[in-house]
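Here the structure is laid out as structure tokens; the discussion comes afterwards.
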Amino acid sequence: MAIKFTPTGLLDIATDPSALPAQVGGKVEASGAMVRCKNLTTVDNGIAGTRKGSDVIGAATVAQTTPKLLIEHTGDRYLFSGTVLYKNEASIATGLTAAKWRGVLYNAYNVATQSLFALNGTDRKRITGSTVAEWGIEAPTAAPTVAGVDYVITYEWEEDEVTGLTKKLTQTDTVNGLEYIYGWEEFYADDAADHPAVTTDTTYSTYHFENNVVGTFGVKYTYCRKSGSVLECESNPSPAATMVQYSGIKVTWVASSDSQVTHVRIYRTLRDDGVYYYDSEHTVGTLAAVLTTADGGLGTEVKTDNDRPPLGSVVVGPVFNGYCFILDDNLLYYSKANKPESWPALNYVEVGPPQFELTAAVFMGGILYVMNRNEIYSVQGTGSASFFPYPANAVTGAVSQEGVEAVKGYGIFRVASDGIWLFSGGEDKKFSQDRFDPIFRGETVHGVPAVNTTYIANCWLFQYKNFLYFGYPGASATLPNSLIVLNLQNMKASYYDYGQTFPCITVDRTNDRILAADNAGKVWQLETGTDDNGTAISWEIESKAFSDSLQKYFPRYAKYDVEGTATGSILLDNAIKQTHSLTGRETKKRHIAGVTGDRLSIRLSGSGSVTIRQVEIE
């Protein structure tokens, strides 16, 4: 009986090789099932070929290794690695905490430029271009200093020859050493009655206001960031200072140490009131001002819910009309709508028991799903007053944010402690059960390394176009150095080995490409070229084990339809019995020495570009 292998089936390392499917027709037994498929793709039906290569991009290698987050924004690469943030491999911030970073791209409704907002449980940063600032503005901790003022007002007069009235040419106010000069203004004689200290029969006159008590007033101030006339961000207010007001109030405040602050805003109450209203705005560098705005000219009430984001570990968004979300312990925090720098302290809901820390969040079908290691919760609602989590009846949760990927038309793939799970339509199933389960049990099978489950939280799932990539630490590795790549269209999979460790991966949407950061400080582009940065790609493929309980196999010759340089191996009972060196494309018969066995399989291996169509043994 002839044996025919064509790479049309699925890679399956969970099923016994002899139990994989085959079809018998006449005197031919054929199968496309595979137990090995390393660095090959089977996109074209019936053909296997070498995967695409990879190249190092950028002109520099970053100084700090073990990257934590790689993200692209407007064509620029931002890499958080060690204690440094790099833009296109050039340092733009140092002294950061060397922890796992997560980030989102967004801008407030009144901010024209999109920024990267990132956090790691200790640091919170807003990155715009090459500028790295704090995410949100910390409120002033010191109350302002307030004091009464003594006015000394000097008028310069001129008599109107027509009306006989007195006109004021200029007015100079000296208030606690601050001088204010006003321009032309009519000043009628009857105004002098209101100010008895003014004598109108001289060219120059001076009077003093009396320091009469008019009520108790409070003053606060905030730090702001403005772009032109647009207020982009404002802090919560300082503690209050109160005083019994006299003729006026002079306010002194403490400068912010935050370089993003461009202005200070002053708020005061009405007489004997507790509500603070906008009084005036002052540019950075000014540390004192006299409040001159009348009660009727005061503005809006000060906001007390412009808190900075919580020190969470995961941030996602925006969704639901502009909300961003942060996970911290078992709490789900949310920002103001369309304001990613304002996080009211009470904007949160509790998700699951306190002992189970939230690990991941993802959007699917317009719904937010939040996970801990044991459960998935769907967050229902469309606004801050209606968010509520409901258990989604999943078998398990997720180990990390990087190990979760929502794929339209399929569901939520996620890495759990025992494998890859898929939640879809209210049903949860172990996606890796039938084909890849042994590697999650610590077994290396047919050249596919076992998952180092001690570091399973370092795994990542990643979708690019019609492919799902699963990166994991293989064998004794602690960071992802092994990939299983799944074609979502036909569910065919391959094992990829780039010879590198890739702790993080991302899509460069501007240039439509995959970027990955290795553990040595270099950024790579995947799925490009024909080699791995100049190194030929080693590949391997192996058929199922053909077996027949009623007869042994006595192979006499083999024919290969293979284009490229390869080694063909004939295995009987898992041992290589015959090898053939293949070059170019030939289909002539190759002799097999007299061997026999109960199970027969075919293995091809090599490096460089190859096209594999079929192998036949008789």
(request) Residue by residue through region 572-618, note down the ones that are farther than 23 Å from residue 35 by Cα and either open to solvent by 70 Å² or more (accessible area, probe 1.4 Å) or not basic (Lys, Arg) (or both). (result) 583, 584, 585, 586, 587, 588, 589, 591, 593, 594
(request) Quick one: count up the residues across region 433-451 that are touching a Gly at 6+ places or on another chain (Cβ under 7 Å) and more than 15 Å from residue 473 (Cβ to Cβ). (result) 2
(message) Can you list the strands (runs of 3 or more DSSP E) lying wholly within region 365-437 that have 3 or more residues being out of contact with any Pro (no Cβ under 9 Å at 6 or more places or on another chain)?
(response) 367-371, 388-391, 404-407, 411-416, 419-424, 427-430
(message) Every residue in region 442-454 that is open to solvent by 40 Å² or more (accessible area, probe 1.4 Å) and closer than 15 Å to residue 16 by Cβ, please.
(response) 443, 446
(request) Please find, within region 525-544, the residue that is farthest from residue 56 (Cα to Cα) out of those that are polar (S, T, N, Q) and part of a strand (DSSP E or B). (result) 543
(message) touching a strand residue (DSSP E or B) at 6+ places or on another chain (Cβ under 7 Å), more than 30 Å from residue 388 (Cβ to Cβ) and open to solvent by less than 20 Å² (accessible area, probe 1.4 Å): which single residue out of 315, 275, 261 fits that description?
(response) 261
(message) Residues that are in contact with a Phe, Trp or Tyr (Cβ under 7 Å, 6 or more places away or on another chain) and either of a type in the set (D, E, K, R) or open to solvent by 20 Å² or more (accessible area, probe 1.4 Å) (or both), at least 2 per element: which strands (runs of 3 or more DSSP E) completely within region 1-63 meet that?
(response) 54-57
(message) Against the definition (out of contact with any Gly (no Cβ under 9 Å at 6 or more places or on another chain), surrounded by 15 or more Cβ atoms within 10 Å (Cβ to Cβ) and not hydrophobic (A, V, I, L, M, F, W, C)), how does residue 378 come out, yes or no?
(response) yes
(message) Regarding region 465-487, can at least one residue be identified that is open to solvent by 20 Å² or more (accessible area, probe 1.4 Å) and in contact with a helix residue (DSSP H, G or I) (Cβ under 7 Å, 6 or more places away or on another chain)?
(response) yes
(request) Please give the strands (runs of 3 or more DSSP E) falling wholly within region 282-355 in which 2 or more residues are more than 26 Å from residue 114 (Cβ to Cβ). (result) 288-291, 348-350
(request) Among the residues of region 135-147, write down those that are assigned to a strand (DSSP E or B) and either of a type in the set (Gly, Ala, Ser) or modelled with pLDDT under 95 (or both). (result) 146, 147
(message) Looking for something open to solvent by 40 Å² or more (accessible area, probe 1.4 Å), out of contact with any Ser or Thr (no Cβ under 7 Å at 6 or more places or on another chain) and touching a residue at least 40 places away in the same chain (Cβ under 8 Å) - is there at least one such residue anywhere in region 554-570?
(response) yes
(message) Name the single residue that is nearest to residue 528 (Cα to Cα) among those in region 64-76 being outside any strand (DSSP E or B) and open to solvent by 40 Å² or more (accessible area, probe 1.4 Å).
(response) 74
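The values are calculated or read from the model by the stated rules, or taken from the named source; none is laboratory data. From a predicted model like this one, the values you see are computed outputs, not experimental measurements. As a convention, Cβ positions derive from the backbone with ideal geometry for all residues, glycine included, and neighbour counts pool all protein chains shown. Ligands, DNA and RNA are excluded from the accessible area calculation, which covers all protein heavy atoms including side chains. Shrake-Rupley method; radii C 1.70, N 1.55, O 1.52, S 1.80 Å.
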